[in-house]
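The values are calculated or read from the model by the stated rules, or taken from the named source; none is laboratory data. Everything numeric in this text was worked out from a predicted model, so none of it was measured. Don't worry about glycine lacking a Cβ; one is built from the backbone with ideal geometry, like all the others, and counts go over all protein chains shown. Only protein heavy atoms, including side chains, enter the accessible area calculation; ligands, DNA and RNA are left aside. Shrake-Rupley method; radii C 1.70, N 1.55, O 1.52, S 1.80 Å.
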Amino acid sequence: MAIAANCPSCAAPIRFTNKATLFVVCDHCGCAVLRTNVGLEKIGKVGELADDGTPVQIGTTGVFQGRSFNVLGRLQVSFPDGYWNEWFLDFDRGEPGWLGEAIGNYTVSFATSSPGKVPPYGSLSPGQQITIEKTVYFVKTLDEAEVVGAEGELPFRTEGGWKVPAADLTGEEGRFATIDYSEATPRVYVGWHVEMPDLRLKNLRQVEGW
């Protein structure tokens, strides 16, 4: 159930749409707001997003494996080859998910709470085999990226300049996984590589040249 509130900085209305949403960037004043057990905490401004030409935006809708979703927010990260976006999704029945977007490549993934033993970041190398939830993956890339900024709703606190060591993994039949090592306990997400047309995206941003 969505929670309506007011920004503690400018009093504009804000919403926590998904049950997993803990962090909202006010679209009126740009203040970041964290939902805690005792109320709302004003965090301050997050970094300014780079114009990366993405057609996706907050409010974009789509379909994945027969289930509809709505885009609630974005985490933008810079890495050596450019930028990638992690779009926070609200699926039907309220399940949270992620749409990853990097240089025209897309993934849909979901957080897992039972990944098994996660190897330390420093022990990984390209091509290394890792098993997550009984599925075999291979390390594809290792990047230490940096958060540029955020907008909309997210399930965790974030700030510009936050370092994100991460491993992207690939498996058979289009399987995908990523391990986020930015905190003491790594976050693990599993999903699939997808083609943009298969997502049947609507309410896209108009991009020059499209």
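A few remarks follow.
- Answer residue from the stretch 103-113, given it is modelled with pLDDT under 90 and among the small types (G, A, S) and is surrounded by the most Cβ atoms within 10 Å (Cβ to Cβ) among those: G104
- Residue that is nearest to K134 (Cα to Cα), among those in the stretch 167-184 that are assigned to a loop (DSSP other than H, G, I, E, B) and of a type outside the set (D, E): Y181
- Hey, E95 within 20 Å of E48 (Cβ to Cβ), open to solvent by 20 Å² or more (accessible area, probe 1.4 Å) and among the charged types (D, E, K, R) or not: no
- Meets criteria (open to solvent by 30 Å² or more (accessible area, probe 1.4 Å), closer than 18 Å to T141 by Cβ and either hydrophobic (A, V, I, L, M, F, W, C) or assigned to a strand (DSSP E or B) (or both)) for Y83: yes
- Counted residues, the stretch 5-14 - those being of a type in the set (A, V, I, L, M), assigned to a strand (DSSP E or B) and over 22 Å from the mean Cα position of the chain (by Cα): 1
Residue-wise test of (1) assigned to a loop (DSSP other than H, G, I, E, B); (2) among the hydroxyl-bearing types (S, T, Y); (3) surrounded by 12 or more Cβ atoms within 10 Å (Cβ to Cβ).
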site: K42; (1), (2), (3): no, no, yes
site: A50; (1), (2), (3): yes, no, yes
site: P55; (1), (2), (3): yes, no, yes
site: L72; (1), (2), (3): no, no, yes
site: D90; (1), (2), (3): no, no, yes
site: P115; (1), (2), (3): yes, no, yes
site: G127; (1), (2), (3): yes, no, no
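- Within the stretch 179-192, being surrounded by 16 or more Cβ atoms within 10 Å (Cβ to Cβ) and over 21 Å from A50 (Cβ atoms) holds for I179, Y181, P186, R187, V188, Y189, V190, G191, W192.
- Residues located in the stretch 129-162, provided they are over 28 Å from K19 (Cβ atoms), open to solvent by 20 Å² or more (accessible area, probe 1.4 Å) and touching a residue at least 12 places away in the same chain (Cβ under 8 Å): T131, V136, F138, K140, T141, L142, D143, E144, E146, G161
- In the stretch 15-40, of all residues being assigned to a strand (DSSP E or B) and in contact (Cβ under 8 Å) with a residue 60 or more places away in the chain, the one that is most open to solvent (accessible area, probe 1.4 Å) corresponds to R15.
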